[in-house]
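There's a structure below that I have some questions on.
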Amino acid sequence: MYNFDIRLVFTYMSETQKPVYGGQAVVEGVMFGGKHHYVTAIRRKDQSIEYFQVPRKPNPAFSLLRKIPFVRGIVSIIEASANGSKHLNFSTERYDLNPEEDNTIKEKEPSKLSMYLGVAAIGVISFLFGKFIFTLVPVFLAEMTRPIFKSDFAQVLIEGLFKLLLLLCYIYFVSLTPLIKRVFQYHGAEHKVINTFEAGNELTVENVREHSRLHYRCGSSFILFTVVVGIFVYMIVPTTPLWVRVLDRLALIPVVLGIAFEVLQLTNKLRDIPILKYLGMPGLWLQLLTTKEPNSDQIEVAILSFNRLLKMEKDAEAENNAEEIV
């Protein structure tokens, strides 16, 4: 499917006046992103905390496209895939190193620019490759049931069922590995920190622990919505012959992603409205698989990452305001 880190990315960066923060779990740490910066904090092998900070460089083309409904979702996904891969790469390379190895590694490092561009490209390609696989495999599985379920309507429903089962099985079996289980714990810590911040509570380990590990804007919810949205979109195109069905599915990937992103945004806006808040519940149920309860050390890392981001964002805003006055 997607690179597993991409599925943990919150694609809810906003350019509205009210700050909206997103994040991603990485290996032994958490990344948070704001309007001006991305910050990752990881716990090293010697228990020290190391930070990875990347400025969020404005892209005029992306900024324009991000204002267009149904298109902005595609832009956010590409941006999240590219950026998330860089932070995941940092965490996997650094968390398990002994401190005495740092100088040796730095001497052998290639150009940081070329390395980050390469990792970003791999992240986007991996996302697309995974999306193709999880789009096409259910098509062929559903086609095998054609002798029993002959109508287009039945075929689309069976295809959606296979896609959902494939998704759930993939997440479940991958989560059994110790490394991914810890990533899921950091994913839970990330959500808890965001929920604590949005509730206006002080970011302490005790306060964060009391909040939910589920969040309406999570990328896990987005993935589930792509399955549901896909069922409705595929209803308007034929399922025969097979080669047309395959081409339609590939061509409609951007459409499904764009609509699913808007659904994700809508359910987040409705989450405080009685009855309507339940529209986002299926996505929260999926997060019961993609998040785990974090321990105090993991919560501490998430808090440190978020506090570092808040400080950098505040400094950036102060600098911008000073420039405007001058």
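The values are calculated or read from the model by the stated rules, or taken from the named source; none is laboratory data. Remember, it's a predicted structure, so these values are computed and weren't measured experimentally. Here Cβ is always computed from backbone atoms with ideal geometry, including for glycine, and neighbour counts include all displayed protein chains.
Return the only residue of Val246, Val237 being part of a helix (DSSP H, G or I) and over 14 Å from the mean Cα position of the chain (by Cα).
Going through Val246, Val237 in turn, the sole match is Val246.
Every residue, every condition in (1) β-branched (Val, Ile, Thr); (2) over 23 Å from Arg209 (Cβ atoms), yes or no:
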| position | (1), (2) |
| --- | --- |
| Arg249 | no, yes |
| Pro254 | no, yes |
| Ile259 | yes, yes |
| Leu276 | no, yes |
| Leu279 | no, yes |
| Trp285 | no, no |
| Pro294 | no, no |
| Leu309 | no, no |
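Being at pLDDT 85 or above and either more than 23 Å from Phe197 (Cα to Cα) or assigned to a helix (DSSP H, G or I) (or both) is the requirement here; does Asp46 meet it?
Spelling it out, Asp46 is indeed at pLDDT 85 or above and either more than 23 Å from Phe197 (Cα to Cα) or assigned to a helix (DSSP H, G or I) (or both).
Regarding the stretch 28-40, can at least one residue be identified that is crowded, with 22+ Cβ neighbours inside 10 Å, modelled with pLDDT under 85 and not in a loop (DSSP other than H, G, I, E, B)?
No; the residues of the stretch 28-40 include none that is crowded, with 22+ Cβ neighbours inside 10 Å, modelled with pLDDT under 85 and not in a loop (DSSP other than H, G, I, E, B).
Going by the structure shown, is Ile171 touching a Gly at 6+ places or on another chain (Cβ under 7 Å) and of a type in the set (A, V, I, L, M, F, W, C)?
no
Which one of the conditions (1) part of a loop (DSSP other than H, G, I, E, B); (2) crowded, with 16+ Cβ neighbours inside 10 Å; (3) of a type outside the set (Phe, Trp, Tyr) does Lys150 fail to meet, given that it meets all the rest?
(2)
Any chance you could count how many residues in the stretch 188-214 are assigned to a loop (DSSP other than H, G, I, E, B), out of contact with any Leu (no Cβ under 8 Å at 6 or more places or on another chain) and either in contact (Cβ under 8 Å) with a residue 60 or more places away in the chain or closer than 14 Å to Thr290 by Cα (or both)?
Matching residues across the stretch 188-214 total 4.
Considering only residues that are crowded, with 22+ Cβ neighbours inside 10 Å and either closer than 15 Å to Ser76 by Cβ or among the small types (Gly, Ala, Ser) (or both), which ones fall in the stretch 224-256?
Phe225, Thr226, Gly230, Val256
Scanning the stretch 153-169 for residues that are exposed (fewer than 15 other Cβ atoms within 10 Å of the Cβ) and touching a residue at least 24 places away in the same chain (Cβ under 8 Å), which turns out farthest from Asn295 (Cα to Cα)?
Only one residue fits best here, namely Phe153.
Here are Thr135, Thr177, Thr145: which of them is free of Cβ contacts under 8 Å to residues at least 24 places away in the same chain and either closer than 13 Å to Thr239 by Cβ or surrounded by 20 or more Cβ atoms within 10 Å (Cβ to Cβ) (or both)?
It is Thr145.
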